[in-house]
Structures are given as C-alpha cells and as structure tokens.
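The values are calculated or read from the model by the stated rules, or taken from the named source; none is laboratory data. On a predicted model such as this, the values are computed, not experimentally measured, just so you know. For neighbour counting, all protein chains shown are included, and Cβ atoms are generated from backbone atoms with ideal geometry for every residue, glycine included. For the accessible areas, the whole protein counts, side chains as well, though only heavy atoms, and no ligand, DNA or RNA atoms are used. Shrake-Rupley method; radii C 1.70, N 1.55, O 1.52, S 1.80 Å.
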Amino acid sequence: MGARGRFRVGLSLIGVLVYAAPLAFAARQVSAAPSPPWYEAITVNGFVSSSYSYNFNRPPSRLNGFRVFDFDDNSFKVDVAELVLQKPTPKVGDAGFRVDVAAGGSIPRVSAAAGLFRDSGGVAQDIDLQQAYVGYLANAGRGLRLDFGKFVTHHGYEVIDGYDGWNDNVTRSFLFGFAIPFTHTGIRAAYAFSDRVSTTVMVVNGWDVATDNNRQKSAGAQLTLTPAAEWTVILNGMYGAERPDDSGDARAMLDLVAMWKPAGSVSLGLNLDHGSEVNAVLAGENARWDGVAAYARLGITGRVSFVGRAEHFGDWDGARTGASQRLSEITLTPEFRPARGLLIRGDLRFDHSDHAVFEARRGPKQDQATAIASVLFAF
C-alpha cells in the first residue's frame, strides 16, 4: 500500500473514532444512570366502607340472624378501612408482594383467619391482615404466576370488599357466608393457556386458617372459560380435612359461577354451590349443603344502577348454620355514584327459613326483613 493509501486509511480510522466516541460516551451515561428508587415501584391504595342497618324484627340481642358482615342491628358502623401496599408483577421474571391491612367493626371480625388475628377461642378483633403474600411471575410459557402467603379465596360469585372490587349488594348471600371459605394460607399457581382458558391450583392449610389445625393440607383448583367476550364460566373445587385435630374426615366443595356481561346496561350472574363433610354431624353421618343464587344488574344511567339477588340455601344437617333448615332471600340494591371512587347504596332484604330461626321482639319468626344504607370510597 502506498503512502496515499495509508493516508486514506488513517483518515477513515479517525472518522470512525470521532463518530463512535459520542455514542460510547452516551452509552456509558445511560448505563451509569441510577436505578429508580425502590419505593417508586410500590403502589398504595385504600378503601373505606361505612353503613347503617335496621332490622324490622327488632331483635332483643340487636343482632341480625345468619348475616355475614351486616350482623349488627340499629347501629352506624365502620365496616372496614383498608390500606393496600403492593409491588405488581406485570412482566416475566418480576417479583413482588401484596399486603392488605383491614380494620373495622364488620369485615375483620368475620374473615380473620384462625391462628393469626383470631385467637384459640375463636374470637377475632377489629383488625386483620387480610392478605399478605409474595408473588413471582415465572418464565414458563405465557407466564406462570406464583403466590406464597395468605390470600382471599377465589371461590364464589361474591367478594370481600376492597379497592379493586366490591360486592354488588351491600349484604352478602348465604352462599358467601356458609358454603365457601373466606381466605387461605399456602401457595397458589395461576396460568393462562390462552385468552379464553386459564387455571389456578393451590395447596393451603385449609378454610380460614392461617395456622393449620390438623396434619392434612387442602387442595383447590379453578378453571376459567371465556367462550365469548360477554361470557365467563368459572368452576371451582376444594378438598381436604378442615376440623381441628381431625386429618381423616374430608370436606369437599364444588362451586360454579357464570356471568353474562354484554356491552349494554344489563348483566346477569349465577352461582351454584355443593358441599359435603364426612362425619360432620355424628360418627357415620355426613353433612351436606347446597345452594343457588341469581344476580341481575341494570344500569339506568352512568351513575344510577339497580342490583337484584335471589337465592336458596339448604343446610340439610345444620353443619354450616347450626340449624337444619332451608334458607331463602331476596335483595334489592339501588346505587348512586356521585363522584369518582364514591358509591352510595341502599339494601332492602327479605329472609325466610322453613323453621322459626330469626330472633324477633315477640319471639322467634321464620322471616327477617332489613334495610341498610352504605357509603364507600376507594382509591
């Protein structure tokens, strides 16, 4: 190569260095940029619900019979004030957590798990660690979601109120209160096979126990099908021994939920439950319970809706409610949304049993009627 050729190569090398130097510097600047503070990945949400309940039976004990969270009569209440801290796991490889701390005179007293905020005598206070779990989205197929800790159940149509979802009716159904559990402590795994089929499996201590009360774990599974945009069908099942110090007598539960939510103002829901438990009545005598609930929601305007519910629950052996009976109820719930996150609701409910199990001022009755006003806010 001549002198002229060497000169051209030298100029070319100098040009490359001049061009590449700013890029290398920029790359070093990007890599050297500090990572976002850990607290910026954590979200904070809250939920507050208050209510007033009146029982037309005027029970001397001032307690509503066979109700779940609305058990106090003629009383203003802070049902729950909930604070949620969480780090979501939206991408494969992400790890995070969720902690729900709930305080109030209704929900924590009922849904608190034994061994955590419920003592050995079965008494719960006005505070609960409703959920506390670590989450991880594993790199498997479309993403395998794993949760370790305490979480609310995925069984049933109705939910425990929170910032990310609340019950359409103010009161809870008999199915919610007596046919299914509230919470679990253990491990669960969720996987979506497609946009229309997903599943969840779990191995847990059992129904509503943070510390296991026997030596057998309980297993549960869920299959969710979305055959069309407006249709969702969910099948749940659970099996395991649930009574204290009894690892042999199993409790089994099947739960079916179907929802039809078209683009219009009407939506419908259906919930079917069946449960049984070995030797739960007497030795050699099994318990069985069944129930069905139907739901309808009608949106009048963007702010006003009406929700109706009708149900029937058979506690054939008294293992769930303490009385062998058939319970039914009808509930109407008007709701008004005056501002974002704010919901004002009424709740008119009529309960009936085939036995005189409802307390009243002049003696037990087969019927119970209540009216409730409720206000909630979520952010």
Could you sort the peptides 291-304, 140-153 by per-residue average Cβ neighbour count (10 Å cutoff), highest mean leading?
140-153, 291-304
The chain, helix-only ellipticity at 222 nm - DSSP H runs n ≥ 4, -39,500 (n - 2.57), divided by all residues, nearest 500:
-3000 deg cm²/dmol
Placing unit charges on C-beta atoms (Lys and Arg positive, Asp and Glu negative, everything else neutral), compute the dipole magnitude of the chain about its Cα centre in debye, rounded to 20.
1980 debye
Using a 1.4 Å probe on the protein chains only, how many percent of the accessible area of the chain belongs to carbon and sulfur?
63 percent
Quick one: what are the phi-derived ³J(HN,Hα) couplings along the range 289-294, Karplus 6.51/-1.76/1.60 with θ = phi - 60°, whole Hz, x for glycine and proline?
9, 9, x, 9, 9, 10
Per-residue ³J(HN,Hα) for the range 36-41, Karplus 6.51 cos²θ - 1.76 cosθ + 1.60, θ = phi - 60°, Hz, x for Gly and Pro:
x, x, 4, 6, 6, 8
For the range 235-379, what is the charge dipole size about the Cα centre, in debye to the nearest 20, if Lys and Arg each add +1 at the Cβ and Asp and Glu each add -1 at the Cβ?
1060 debye
Which whole-Hz couplings ³J(HN,Hα) result when phi for each residue of the range 350-360 is put into the Karplus expression 6.51 cos²θ - 1.76 cosθ + 1.60, θ = phi - 60°, listed in order with x for Gly and Pro?
10, 9, 9, 10, 7, 10, 7, 10, 9, 6, 8
Once His312 and Ala258 are pulled to full extension, the length gained, defined as 0.36 nm per residue separation minus their Cα-Cα distance, is 17.8 nm
Å³ per residue enclosed by the Cα convex hull of the range 62-170
125 Å³
Quick query: amide H of Ala250 versus all other amide H atoms, modeled in the peptide plane; which residues come in under 5 Å with a sequence gap of 5 or more or a different chain?
Val278
